[in-house]
2 protein chains.
Amino acid sequence: MARRARSEMIEETRGKLVAAAREAFGRLGYADTSMDDLTATAGLTRGALYHHFGDKKGLLRAVVSAMDAEIDERLNAASATPDHWAGFVGRCRLYLETALEPDIQRIVLKDAPTFLGSDYLETSRHACHISLTARLAVMMADGVVHGGDAETLAHMINGALVDAALWIAEADDPAPRLARAIANLDLLLSGLRASGQS
Amino acid sequence: MARRARSEMIEETRGKLVAAAREAFGRLGYADTSMDDLTATAGLTRGALYHHFGDKKGLLRAVVSAMDAEIDERLNAASATPDHWAGFVGRCRLYLETALEPDIQRIVLKDAPTFLGSDYLETSRHACHISLTARLAVMMADGVVHGGDAETLAHMINGALVDAALWIAEADDPAPRLARAIANLDLLLSGLRASGQS
DNA sequence: CAATTAACATACGGGACGTATGCAAACTGG
DNA sequence: CCAGTTTGCATACGTCCCGTATGTTAATTG
(Lines give C-alpha, C1' and ligand atoms only; values in the text may rest on other atoms or scores of the structure.)
Protein backbone atom coordinates (compact mmCIF):
# COMPACT_ATOMS: atom_id res chain seq x y z
CA MET A 1 0.00 0.00 0.00
CA ALA A 2 1.36 3.34 -1.07
CA ARG A 3 2.56 4.70 2.22
CA ARG A 4 3.68 8.16 1.20
CA ALA A 5 6.70 9.83 2.70
CA ARG A 6 6.02 12.47 5.29
CA SER A 7 7.87 15.25 3.51
CA GLU A 8 5.85 14.54 0.42
CA MET A 9 2.59 14.99 2.24
CA ILE A 10 3.82 18.20 3.79
CA GLU A 11 4.63 19.61 0.41
CA GLU A 12 1.21 18.63 -0.79
CA THR A 13 -0.45 20.43 2.10
CA ARG A 14 1.58 23.57 1.58
CA GLY A 15 0.91 23.42 -2.12
CA LYS A 16 -2.81 23.10 -1.62
CA LEU A 17 -2.82 26.08 0.71
CA VAL A 18 -0.75 28.24 -1.60
CA ALA A 19 -2.88 27.30 -4.59
CA ALA A 20 -6.11 28.04 -2.76
CA ALA A 21 -4.66 31.29 -1.49
CA ARG A 22 -3.60 32.39 -4.92
CA GLU A 23 -7.08 31.79 -6.21
CA ALA A 24 -8.86 33.47 -3.31
CA PHE A 25 -6.49 36.41 -2.97
CA GLY A 26 -6.69 36.98 -6.68
CA ARG A 27 -10.45 36.91 -6.76
CA LEU A 28 -11.41 38.64 -3.50
CA GLY A 29 -8.23 40.41 -2.51
CA TYR A 30 -6.15 39.69 0.54
CA ALA A 31 -8.23 41.78 2.92
CA ASP A 32 -11.56 40.18 2.03
CA THR A 33 -10.35 36.61 2.08
CA SER A 34 -11.39 34.57 5.11
CA MET A 35 -8.88 32.04 6.31
CA ASP A 36 -11.67 29.77 7.43
CA ASP A 37 -13.12 29.64 3.96
CA LEU A 38 -9.74 29.38 2.30
CA THR A 39 -8.55 26.42 4.34
CA ALA A 40 -11.91 24.72 3.99
CA THR A 41 -11.64 25.05 0.22
CA ALA A 42 -8.26 23.35 0.42
CA GLY A 43 -9.76 20.55 2.50
CA LEU A 44 -7.95 21.63 5.63
CA THR A 45 -8.41 23.84 8.67
CA ARG A 46 -6.73 26.95 9.97
CA GLY A 47 -4.51 24.74 12.09
CA ALA A 48 -2.51 23.67 9.06
CA LEU A 49 -2.16 27.25 7.92
CA TYR A 50 -0.82 28.64 11.15
CA HIS A 51 1.47 25.68 11.54
CA HIS A 52 3.14 26.14 8.15
CA PHE A 53 2.97 29.86 7.52
CA GLY A 54 2.74 31.46 10.94
CA ASP A 55 0.00 33.88 10.05
CA LYS A 56 -2.09 35.23 7.21
CA LYS A 57 0.69 37.45 5.96
CA GLY A 58 3.04 34.48 5.86
CA LEU A 59 0.75 32.83 3.37
CA LEU A 60 0.65 35.98 1.29
CA ARG A 61 4.45 36.06 1.30
CA ALA A 62 4.58 32.53 -0.03
CA VAL A 63 2.08 33.29 -2.77
CA VAL A 64 3.84 36.46 -3.83
CA SER A 65 7.25 34.81 -3.93
CA ALA A 66 5.95 32.03 -6.11
CA MET A 67 4.20 34.36 -8.50
CA ASP A 68 7.17 36.67 -8.74
CA ALA A 69 9.52 33.82 -9.56
CA GLU A 70 7.08 32.52 -12.13
CA ILE A 71 6.79 35.88 -13.84
CA ASP A 72 10.53 36.36 -13.88
CA GLU A 73 11.00 32.99 -15.47
CA ARG A 74 8.50 33.80 -18.19
CA LEU A 75 10.17 37.11 -18.92
CA ASN A 76 13.67 35.70 -19.00
CA ALA A 77 12.67 32.91 -21.32
CA ALA A 78 11.11 35.30 -23.78
CA SER A 79 13.77 37.98 -23.74
CA ALA A 80 16.81 35.81 -24.37
CA THR A 81 17.91 37.25 -27.69
CA PRO A 82 21.36 38.19 -29.00
CA ASP A 83 20.26 41.79 -29.58
CA HIS A 84 20.35 43.38 -26.15
CA TRP A 85 18.19 46.34 -26.98
CA ALA A 86 15.52 44.31 -28.74
CA GLY A 87 15.49 41.85 -25.87
CA PHE A 88 15.10 44.69 -23.42
CA VAL A 89 12.22 46.33 -25.22
CA GLY A 90 10.59 42.96 -25.78
CA ARG A 91 10.87 42.20 -22.12
CA CYS A 92 9.18 45.45 -21.22
CA ARG A 93 6.33 44.77 -23.61
CA LEU A 94 5.87 41.28 -22.31
CA TYR A 95 5.87 42.54 -18.74
CA LEU A 96 3.20 45.03 -19.69
CA GLU A 97 1.05 42.25 -21.08
CA THR A 98 1.77 39.92 -18.22
CA ALA A 99 0.85 42.58 -15.71
CA LEU A 100 -2.63 42.70 -17.19
CA GLU A 101 -3.60 39.40 -15.60
CA PRO A 102 -6.06 40.02 -12.77
CA ASP A 103 -4.32 37.77 -10.21
CA ILE A 104 -1.05 39.55 -10.75
CA GLN A 105 -2.58 42.97 -10.51
CA ARG A 106 -4.47 42.19 -7.37
CA ILE A 107 -1.86 40.17 -5.49
CA VAL A 108 1.57 41.24 -6.68
CA LEU A 109 0.96 44.83 -7.71
CA LYS A 110 -1.57 45.96 -5.12
CA ASP A 111 -1.81 43.75 -2.06
CA ALA A 112 1.86 42.88 -1.72
CA PRO A 113 3.10 46.45 -1.30
CA THR A 114 0.23 47.29 1.01
CA PHE A 115 0.30 44.33 3.38
CA LEU A 116 3.91 43.24 3.19
CA GLY A 117 5.96 46.19 4.29
CA SER A 118 8.71 47.43 2.06
CA ASP A 119 10.90 45.51 4.49
CA TYR A 120 9.84 42.27 2.92
CA LEU A 121 10.04 43.47 -0.64
CA GLU A 122 13.44 44.83 0.23
CA THR A 123 14.95 41.56 1.38
CA SER A 124 13.17 39.14 -0.92
CA ARG A 125 13.48 41.68 -3.67
CA HIS A 126 11.40 41.04 -6.75
CA ALA A 127 13.21 38.65 -9.01
CA CYS A 128 11.84 40.62 -11.94
CA HIS A 129 13.44 43.73 -10.63
CA ILE A 130 16.81 42.11 -10.24
CA SER A 131 16.68 40.76 -13.76
CA LEU A 132 15.71 44.08 -15.23
CA THR A 133 18.48 45.87 -13.36
CA ALA A 134 21.05 43.36 -14.53
CA ARG A 135 19.89 43.71 -18.10
CA LEU A 136 20.18 47.46 -17.97
CA ALA A 137 23.62 47.25 -16.42
CA VAL A 138 24.84 45.03 -19.24
CA MET A 139 23.49 47.42 -21.84
CA MET A 140 25.23 50.33 -20.18
CA ALA A 141 28.50 48.47 -20.07
CA ASP A 142 28.12 47.75 -23.77
CA GLY A 143 27.30 51.35 -24.50
CA VAL A 144 23.88 50.53 -25.86
CA VAL A 145 22.29 52.97 -23.46
CA HIS A 146 24.15 55.99 -22.29
CA GLY A 147 25.22 56.68 -18.75
CA GLY A 148 22.67 56.34 -16.02
CA ASP A 149 21.96 54.27 -13.02
CA ALA A 150 20.68 50.78 -13.72
CA GLU A 151 18.97 50.25 -10.39
CA THR A 152 17.22 53.60 -10.43
CA LEU A 153 16.12 53.25 -14.02
CA ALA A 154 14.83 49.76 -13.37
CA HIS A 155 12.53 51.11 -10.68
CA MET A 156 11.26 53.88 -12.89
CA ILE A 157 10.65 51.66 -15.87
CA ASN A 158 8.98 49.09 -13.70
CA GLY A 159 6.74 51.75 -12.17
CA ALA A 160 5.80 53.08 -15.57
CA LEU A 161 4.83 49.61 -16.76
CA VAL A 162 2.90 48.79 -13.62
CA ASP A 163 0.91 51.98 -13.67
CA ALA A 164 0.20 51.56 -17.34
CA ALA A 165 -0.96 47.99 -16.81
CA LEU A 166 -3.34 48.98 -14.03
CA TRP A 167 -4.76 51.71 -16.21
CA ILE A 168 -5.16 49.43 -19.19
CA ALA A 169 -6.98 46.81 -17.17
CA GLU A 170 -9.48 49.35 -15.86
CA ALA A 171 -11.00 49.76 -19.28
CA ASP A 172 -13.94 47.78 -20.54
CA ASP A 173 -12.02 47.09 -23.72
CA PRO A 174 -8.32 47.05 -22.85
CA ALA A 175 -7.06 46.51 -26.39
CA PRO A 176 -6.82 50.14 -27.54
CA ARG A 177 -5.18 51.26 -24.34
CA LEU A 178 -2.66 48.47 -24.65
CA ALA A 179 -1.81 49.55 -28.15
CA ARG A 180 -1.37 53.12 -27.02
CA ALA A 181 0.81 52.02 -24.15
CA ILE A 182 3.11 49.99 -26.34
CA ALA A 183 3.55 52.87 -28.75
CA ASN A 184 4.34 55.32 -26.00
CA LEU A 185 6.59 52.83 -24.27
CA ASP A 186 8.86 52.88 -27.29
CA LEU A 187 8.84 56.65 -27.21
CA LEU A 188 9.77 56.74 -23.56
CA LEU A 189 12.49 54.12 -23.78
CA SER A 190 14.03 55.72 -26.85
CA GLY A 191 15.41 58.41 -24.58
CA LEU A 192 17.70 55.86 -23.01
CA ARG A 193 19.26 54.69 -26.20
CA ALA A 194 22.77 55.93 -26.82
CA SER A 195 22.96 56.39 -30.57
CA GLY A 196 19.93 57.42 -32.44
CA GLN A 197 17.41 55.36 -34.28
CA SER A 198 14.40 53.99 -32.48
CA MET B 1 -23.47 83.20 24.13
CA ALA B 2 -21.92 82.03 20.90
CA ARG B 3 -24.60 79.73 19.61
CA ARG B 4 -22.81 78.22 16.65
CA ALA B 5 -24.58 77.46 13.42
CA ARG B 6 -25.41 73.84 12.80
CA SER B 7 -23.60 73.59 9.49
CA GLU B 8 -20.52 74.96 11.15
CA MET B 9 -20.53 72.24 13.80
CA ILE B 10 -21.06 69.60 11.16
CA GLU B 11 -18.02 70.78 9.28
CA GLU B 12 -16.04 70.72 12.49
CA THR B 13 -17.07 67.15 13.18
CA ARG B 14 -16.23 66.02 9.68
CA GLY B 15 -12.96 67.87 9.85
CA LYS B 16 -12.00 66.26 13.14
CA LEU B 17 -12.75 62.83 11.75
CA VAL B 18 -10.83 63.40 8.54
CA ALA B 19 -7.88 64.84 10.43
CA ALA B 20 -7.79 61.95 12.88
CA ALA B 21 -8.14 59.50 10.03
CA ARG B 22 -5.30 61.04 8.09
CA GLU B 23 -3.06 60.75 11.10
CA ALA B 24 -4.06 57.20 11.99
CA PHE B 25 -4.13 55.87 8.44
CA GLY B 26 -0.76 57.44 7.80
CA ARG B 27 0.79 55.96 10.92
CA LEU B 28 -0.81 52.52 11.14
CA GLY B 29 -2.18 52.03 7.66
CA TYR B 30 -5.85 51.70 6.78
CA ALA B 31 -6.13 48.03 7.60
CA ASP B 32 -4.68 48.31 11.10
CA THR B 33 -6.66 51.35 12.14
CA SER B 34 -9.55 50.73 14.49
CA MET B 35 -12.56 52.95 14.02
CA ASP B 36 -13.28 52.80 17.73
CA ASP B 37 -9.87 54.21 18.55
CA LEU B 38 -9.99 56.72 15.73
CA THR B 39 -13.33 58.21 16.68
CA ALA B 40 -12.38 58.25 20.36
CA THR B 41 -9.24 60.20 19.48
CA ALA B 42 -11.44 62.71 17.69
CA GLY B 43 -13.64 62.94 20.76
CA LEU B 44 -16.53 61.20 19.07
CA THR B 45 -18.00 57.75 18.60
CA ARG B 46 -18.51 55.48 15.64
CA GLY B 47 -22.03 56.85 15.34
CA ALA B 48 -20.72 60.12 13.92
CA LEU B 49 -18.50 58.29 11.48
CA TYR B 50 -21.15 56.08 9.99
CA HIS B 51 -23.56 58.96 9.85
CA HIS B 52 -21.25 61.18 7.81
CA PHE B 53 -19.19 58.76 5.76
CA GLY B 54 -21.28 55.62 5.48
CA ASP B 55 -18.49 53.21 6.24
CA LYS B 56 -14.78 52.94 6.82
CA LYS B 57 -13.97 53.17 3.14
CA GLY B 58 -16.02 56.33 2.89
CA LEU B 59 -13.71 57.95 5.38
CA LEU B 60 -10.70 56.78 3.41
CA ARG B 61 -12.22 58.27 0.27
CA ALA B 62 -12.60 61.62 1.98
CA VAL B 63 -9.02 61.55 3.23
CA VAL B 64 -7.61 60.56 -0.15
CA SER B 65 -9.59 63.20 -2.01
CA ALA B 66 -8.37 65.89 0.34
CA MET B 67 -4.75 64.79 0.13
CA ASP B 68 -4.88 64.48 -3.63
CA ALA B 69 -6.32 67.96 -4.04
CA GLU B 70 -3.73 69.34 -1.67
CA ILE B 71 -0.86 67.75 -3.57
CA ASP B 72 -2.19 68.92 -6.89
CA GLU B 73 -2.44 72.46 -5.58
CA ARG B 74 1.13 72.37 -4.37
CA LEU B 75 2.35 71.08 -7.71
CA ASN B 76 0.40 73.54 -9.79
CA ALA B 77 1.60 76.45 -7.70
CA ALA B 78 5.21 75.47 -8.12
CA SER B 79 5.15 74.59 -11.80
CA ALA B 80 3.50 77.72 -13.13
CA THR B 81 6.31 79.01 -15.31
CA PRO B 82 6.31 80.46 -18.84
CA ASP B 83 8.72 77.77 -20.04
CA HIS B 84 6.53 74.72 -20.53
CA TRP B 85 9.30 72.19 -20.54
CA ALA B 86 11.01 73.55 -17.47
CA GLY B 87 7.71 73.70 -15.65
CA PHE B 88 7.00 70.13 -16.61
CA VAL B 89 10.33 68.80 -15.43
CA GLY B 90 10.12 70.87 -12.26
CA ARG B 91 6.70 69.48 -11.57
CA CYS B 92 7.97 65.93 -11.92
CA ARG B 93 10.83 66.61 -9.53
CA LEU B 94 8.57 68.21 -7.00
CA TYR B 95 6.17 65.32 -7.23
CA LEU B 96 9.03 62.97 -6.59
CA GLU B 97 9.95 64.86 -3.45
CA THR B 98 6.36 65.23 -2.34
CA ALA B 99 5.76 61.53 -2.75
CA LEU B 100 8.45 60.86 -0.19
CA GLU B 101 6.25 61.92 2.69
CA PRO B 102 5.18 58.90 4.72
CA ASP B 103 1.48 59.82 4.93
CA ILE B 104 1.27 60.19 1.19
CA GLN B 105 3.08 56.94 0.51
CA ARG B 106 0.96 54.98 2.93
CA ILE B 107 -2.45 56.47 2.20
CA VAL B 108 -2.45 57.74 -1.36
CA LEU B 109 0.08 55.49 -3.03
CA LYS B 110 -0.54 52.19 -1.26
CA ASP B 111 -3.84 51.99 0.60
CA ALA B 112 -5.95 53.94 -1.87
CA PRO B 113 -5.36 51.62 -4.84
CA THR B 114 -5.77 48.55 -2.67
CA PHE B 115 -8.92 49.40 -0.76
CA LEU B 116 -10.67 51.78 -3.11
CA GLY B 117 -11.24 49.88 -6.28
CA SER B 118 -10.01 51.33 -9.51
CA ASP B 119 -13.66 52.26 -9.93
CA TYR B 120 -13.26 55.03 -7.42
CA LEU B 121 -9.94 56.23 -8.73
CA GLU B 122 -11.52 56.16 -12.17
CA THR B 123 -14.37 58.49 -11.39
CA SER B 124 -12.73 60.80 -8.90
CA ARG B 125 -9.59 60.54 -10.91
CA HIS B 126 -6.48 61.91 -9.25
CA ALA B 127 -6.38 65.63 -9.71
CA CYS B 128 -2.62 65.29 -10.08
CA HIS B 129 -3.10 62.97 -12.97
CA ILE B 130 -5.47 65.28 -14.75
CA SER B 131 -3.11 68.19 -14.38
CA LEU B 132 -0.18 66.20 -15.66
CA THR B 133 -2.13 64.98 -18.66
CA ALA B 134 -3.27 68.49 -19.50
CA ARG B 135 0.27 69.78 -19.23
CA LEU B 136 1.54 67.12 -21.59
CA ALA B 137 -1.23 67.80 -24.05
CA VAL B 138 -0.33 71.47 -24.17
CA MET B 139 3.31 70.66 -24.80
CA MET B 140 2.40 68.35 -27.63
CA ALA B 141 0.20 70.95 -29.21
CA ASP B 142 3.09 73.40 -29.01
CA GLY B 143 5.48 70.86 -30.48
CA VAL B 144 7.68 70.84 -27.40
CA VAL B 145 7.35 67.08 -27.14
CA HIS B 146 6.83 65.01 -30.21
CA GLY B 147 3.80 62.97 -30.98
CA GLY B 148 2.51 60.62 -28.39
CA ASP B 149 -0.48 60.12 -26.21
CA ALA B 150 -0.77 62.53 -23.30
CA GLU B 151 -2.99 60.34 -21.14
CA THR B 152 -0.88 57.24 -21.61
CA LEU B 153 2.36 59.07 -21.00
CA ALA B 154 0.95 60.71 -17.90
CA HIS B 155 0.27 57.30 -16.43
CA MET B 156 3.72 56.03 -17.26
CA ILE B 157 5.50 59.06 -15.89
CA ASN B 158 3.37 59.00 -12.80
CA GLY B 159 4.13 55.34 -12.26
CA ALA B 160 7.83 55.90 -12.70
CA LEU B 161 7.81 58.66 -10.12
CA VAL B 162 5.71 56.71 -7.66
CA ASP B 163 7.87 53.63 -7.84
CA ALA B 164 11.00 55.72 -7.51
CA ALA B 165 9.59 57.52 -4.49
CA LEU B 166 8.71 54.29 -2.73
CA TRP B 167 12.18 52.95 -3.42
CA ILE B 168 13.85 56.11 -2.20
CA ALA B 169 11.90 56.13 1.02
CA GLU B 170 12.89 52.56 1.81
CA ALA B 171 16.48 53.56 2.38
CA ASP B 172 17.90 54.50 5.75
CA ASP B 173 19.42 57.55 4.11
CA PRO B 174 17.18 58.60 1.22
CA ALA B 175 19.33 61.50 0.02
CA PRO B 176 21.63 59.62 -2.36
CA ARG B 177 18.80 57.69 -3.91
CA LEU B 178 16.86 60.89 -4.42
CA ALA B 179 19.82 62.44 -6.21
CA ARG B 180 20.17 59.41 -8.44
CA ALA B 181 16.47 59.46 -9.20
CA ILE B 182 16.48 63.10 -10.22
CA ALA B 183 19.43 62.57 -12.53
CA ASN B 184 17.86 59.56 -14.20
CA LEU B 185 14.52 61.28 -14.40
CA ASP B 186 16.05 63.86 -16.69
CA LEU B 187 17.50 61.10 -18.77
CA LEU B 188 14.17 59.37 -19.10
CA LEU B 189 12.17 62.49 -19.86
CA SER B 190 14.66 63.67 -22.45
CA GLY B 191 13.33 60.98 -24.74
CA LEU B 192 10.08 62.88 -24.97
CA ARG B 193 11.56 66.13 -26.05
CA ALA B 194 11.07 67.02 -29.68
CA SER B 195 14.23 68.89 -30.63
CA GLY B 196 17.45 68.05 -28.99
CA GLN B 197 19.06 69.60 -26.00
CA SER B 198 18.25 68.38 -22.53
C1' DC C 1 -44.77 76.94 19.37
C1' DA C 2 -45.53 72.15 17.74
C1' DA C 3 -43.67 68.83 14.47
C1' DT C 4 -40.10 67.03 12.02
C1' DT C 5 -35.62 66.21 10.75
C1' DA C 6 -30.89 65.54 11.46
C1' DA C 7 -26.61 64.81 14.29
C1' DC C 8 -24.74 61.90 17.06
C1' DA C 9 -24.46 58.08 21.02
C1' DT C 10 -25.45 53.45 22.55
C1' DA C 11 -26.44 48.57 22.03
C1' DC C 12 -26.23 44.33 19.47
C1' DG C 13 -24.83 40.55 16.33
C1' DG C 14 -21.65 38.31 13.26
C1' DG C 15 -17.34 37.27 11.62
C1' DA C 16 -12.35 36.97 11.45
C1' DC C 17 -7.77 36.38 13.37
C1' DG C 18 -4.36 34.33 16.47
C1' DT C 19 -3.27 31.20 20.28
C1' DA C 20 -3.57 27.43 23.33
C1' DT C 21 -4.57 22.82 23.61
C1' DG C 22 -5.22 18.03 22.05
C1' DC C 23 -4.44 13.93 19.25
C1' DA C 24 -2.56 10.67 16.21
C1' DA C 25 0.80 9.40 12.99
C1' DA C 26 5.55 9.24 11.80
C1' DC C 27 10.35 9.33 13.01
C1' DT C 28 14.18 8.03 16.37
C1' DG C 29 17.45 4.95 18.90
C1' DG C 30 18.32 0.87 21.27
C1' DC D 1 10.41 -4.59 17.29
C1' DC D 2 9.10 -1.15 20.51
C1' DA D 3 8.92 2.88 23.80
C1' DG D 4 9.69 7.93 23.61
C1' DT D 5 9.64 11.98 21.24
C1' DT D 6 8.68 15.03 17.70
C1' DT D 7 5.52 17.07 14.44
C1' DG D 8 1.64 17.79 11.30
C1' DC D 9 -2.76 19.18 11.78
C1' DA D 10 -7.59 19.75 14.11
C1' DT D 11 -10.45 21.77 17.72
C1' DA D 12 -11.79 25.19 21.07
C1' DC D 13 -11.50 29.68 22.98
C1' DG D 14 -10.95 34.68 23.64
C1' DT D 15 -10.64 39.12 21.60
C1' DC D 16 -11.21 42.64 18.46
C1' DC D 17 -13.56 45.07 14.91
C1' DC D 18 -17.03 46.34 11.61
C1' DG D 19 -21.81 47.56 10.25
C1' DT D 20 -26.62 48.19 11.54
C1' DA D 21 -30.48 49.12 14.28
C1' DT D 22 -32.26 51.87 17.78
C1' DG D 23 -32.58 55.74 20.85
C1' DT D 24 -31.97 60.69 22.29
C1' DT D 25 -31.29 65.45 22.04
C1' DA D 26 -30.99 69.69 19.69
C1' DA D 27 -31.88 72.58 15.68
C1' DT D 28 -34.96 73.82 11.98
C1' DT D 29 -39.39 74.72 9.72
C1' DG D 30 -44.03 76.37 8.98
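The values are calculated or read from the model by the stated rules, or taken from the named source; none is laboratory data. Values in this document were obtained by computation on a predicted structure and should not be read as measured data. Positions of Cβ are generated from backbone atoms using ideal geometry, with glycine treated the same way; all protein chains shown enter the neighbour counts.
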Residue pairs within 6 Å by beta carbon, gap of at least six or interchain, first lying in segment A:12-35 and in contact (Cβ under 8 Å) with a residue 24 or more places away in the chain, second more than 10 Å from DNA strand D (Cβ to nearest atom) and outside any helix (DSSP H, G or I), listed first then second, are A:Phe25/A:Thr33
Looking across segment B:150-166 at residues that are farther than 15 Å from B:Arg91 by Cα and surrounded by fewer than 24 Cβ atoms within 10 Å (Cβ to Cβ), the single one that is nearest to the chain's Cα centre (by Cα) is B:Leu166
Within segment B:81-117, of all residues that are farther than 27 Å from B:Leu187 by Cβ and among the aliphatic types (A, V, I, L, M), the one surrounded by the fewest Cβ atoms within 10 Å (Cβ to Cβ) is B:Leu116
(1) small (Gly, Ala, Ser); (2) under 29 Å from B:Ser131 (Cα atoms); (3) outside the structural domain of B:Arg91 (by TED's automatic domain parsing) all hold for B:Ala69 apart from (3)
When (1) surrounded by fewer than 17 Cβ atoms within 10 Å (Cβ to Cβ); (2) within 14 Å of another protein chain (Cβ to nearest Cβ); (3) more than 12 Å from DNA strand C (Cβ to nearest atom) are applied to A:Gly26, the one that fails is (1)
Filter result for A:Ala171 (exposed (fewer than 15 other Cβ atoms within 10 Å of the Cβ) and touching a helix residue (DSSP H, G or I) at 6+ places or on another chain (Cβ under 7 Å)): yes
Scanning segment A:108-153 residue by residue, those in a helix (DSSP H, G or I), facing chain B (nearest Cβ under 9 Å) and modelled with pLDDT under 95 turn out to be A:Ser118, A:Asp119, A:Leu121, A:Glu122
Q.
Taking the conditions exactly as written (more than 14 Å from chain A (Cβ to nearest Cβ), under 19 Å from the mean Cα position of the chain (by Cα) and within 16 Å of DNA strand C (Cβ to nearest atom)), does B:Ala62 satisfy them or not?
A. yes
- Query: Got at least one residue in segment A:69-77 being of a type in the set (A, V, I, L, M, F, W, C), within 13 Å of DNA strand D (Cβ to nearest atom) and more than 14 Å from chain B (Cβ to nearest Cβ)?
  - Reply: no
Requested in this report: Assess whether B:Gly15 counts as being assigned to a loop (DSSP other than H, G, I, E, B), farther than 20 Å from B:Asp111 by Cβ and more than 9 Å from DNA strand D (Cβ to nearest atom).
Outcome: no
Against the condition away from chain B (no Cβ under 14 Å) and away from DNA strand D (no atom under 12 Å from the Cβ), how does A:Asp83 come out, does it pass?
yes
Original post:
Does segment B:40-52 contain any residue that is hydroxyl-bearing (Ser, Thr, Tyr) and away from DNA strand C (no atom under 16 Å from the Cβ)?
Top reply: no
*Is it the case that segment B:32-42 has a residue that's within 14 Å of another protein chain (Cβ to nearest Cβ) and either within 13 Å of DNA strand D (Cβ to nearest atom) or at pLDDT below 95 (or both)?*
yes
Filtering segment B:43-57 for residues that are within 14 Å of DNA strand D (Cβ to nearest atom), over 17 Å from B:Pro113 (Cβ atoms) and surrounded by fewer than 19 Cβ atoms within 10 Å (Cβ to Cβ) leaves a count of 10
Restricted to segment B:180-198 and to residues being surrounded by 15 or more Cβ atoms within 10 Å (Cβ to Cβ) and outside any helix (DSSP H, G or I), the residue nearest to the other protein chains (Cβ to nearest Cβ) is B:Gly191
* Asked: Can we say A:Arg177 is of a type in the set (Lys, Arg), crowded, with 19+ Cβ neighbours inside 10 Å, more than 20 Å from B:Trp167 (Cα to Cα) and within 9 Å of another protein chain (Cβ to nearest Cβ)?
  -> yes
Here the residues within segment B:62-80 that are surrounded by 15 or more Cβ atoms within 10 Å (Cβ to Cβ), small (Gly, Ala, Ser) and assigned to a helix (DSSP H, G or I) are B:Ala62, B:Ser65, B:Ala66, B:Ala78
